[in-house]
Amino acid sequence: AQSVTQLGSHVSVSEGALVLLRCNYSSSVPPYLFWYVQYPNQGLQLLLKYTTGATLVKGINGFEAEFKKSETSFHLTKPSAHMSDAAEYFCAVSNNNNDMRFGAGTRLTVKP
Amino acid sequence: GAGVSQTPSNKVTEKGKYVELRCDPISGHTALYWYRQSLGQGPEFLIYFQGTGAADDSGLPNDRFFAVRPEGSVSTLKIQRTERGDSAVYLCASSLSSHNEQFFGPGTRLTVL
């Protein structure tokens, strides 16, 4: 069985500061890993995903994540936060891209 | 309208009633997924269709929940004898085929009074 733990239900950063959202996963097989963003009253949008190959994955809006097998982590980062990054972020794991298990989410607040 | 659409956007019902939630996937997408998102939680997998058949329904919480996709396009999630605990946002997603990116709809917010 797979599962995801997102450390920190709320993260607050200043505009221009580094964004770091933590995700640890559990999977009995090599995982597929995803980060989704959910803006208020909108559907989930894929930021980036890791399936195989390069462990540093670049996504949309300047976000990236690194798959670290030894740490079972897939933390999401962005060098410089923008006000428009304020949203809910979800990490998800799948063993085949059909059955995704989501974390509880992290709400990112960006202060001016 | 190229995205996944869901209707209604909001549904309020009374305990014990029957409800149907509809999902229109992106045209040409063969895979369709239903998730449930409770307040303060991430989406929880319910069921996955490949074409007309339910390839994995292991996430349906009990036999009050049922979903169909008779023509391999539109899907309906059906909930019988609704309970207050069923209150949540029900999300639908579709993908070109299995193992491709899932595109999510805006969800249906179900409130059971």
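A few comments on the model shown:
- Cα centroid separation, the range A:51-108 to the range B:4-49 (Å): 24
- Counting only Cβ charges, +1 for Lys and Arg and -1 for Asp and Glu, the dipole size of chain B around its Cα centre is about 400 debye.
- Taken over the protein assembly as shown, the alpha-carbon convex hull comes to 122 cubic angstrom per residue.
- Under 15 Å, Cβ to Cβ, from B:ILE79 - net charge with Lys/Arg +1 and Asp/Glu -1: +3
- P(r) for the range A:1-42, from all Cα pairs and a bin width of 10 Å, is 19, 44, 29, 8 %, short bins first.
- Distance (nanometres) between label positions extended 7 Å along Cα→Cβ at A:THR55 and B:GLU20: 5.1
- Percent accessible area from carbon and sulfur atoms, the protein assembly as shown, protein chains only, probe 1.4 Å: 50
- Surface per residue (accessible, 1.4 Å probe) for the range B:4-76, Å²: 49
- The mean of 1/r over all distinct Cα pairs in the range B:35-82, once inverted, gives the Kirkwood hydrodynamic radius of 11.5 Å.
- Taking amide H as placed 1.01 Å from N in the peptide plane, B:ALA67 has its amide H under 5 Å from the amide H of B:LYS78, each at least 5 places away in sequence or on another chain.
- Between A:THR72 and A:GLN45, the modelled labels are 3.2 nm apart [label points 7 Å from Cα along Cα→Cβ].
- Förster radius 41 Å - calculated FRET efficiency between B:ALA2 and A:LEU18, Cβ distance, rounded to 0.05: 0.75
The values are calculated or read from the model by the stated rules, or taken from the named source; none is laboratory data. Just so we're clear, the structure is a prediction, and the values are computed from it rather than from any experiment. Here the Cβ is made from the backbone with ideal geometry for all residues, glycine too, and neighbour counts use every protein chain on show. With ligands, DNA and RNA removed, areas are computed over all heavy atoms of the protein, side chains included. Shrake-Rupley method; radii C 1.70, N 1.55, O 1.52, S 1.80 Å.
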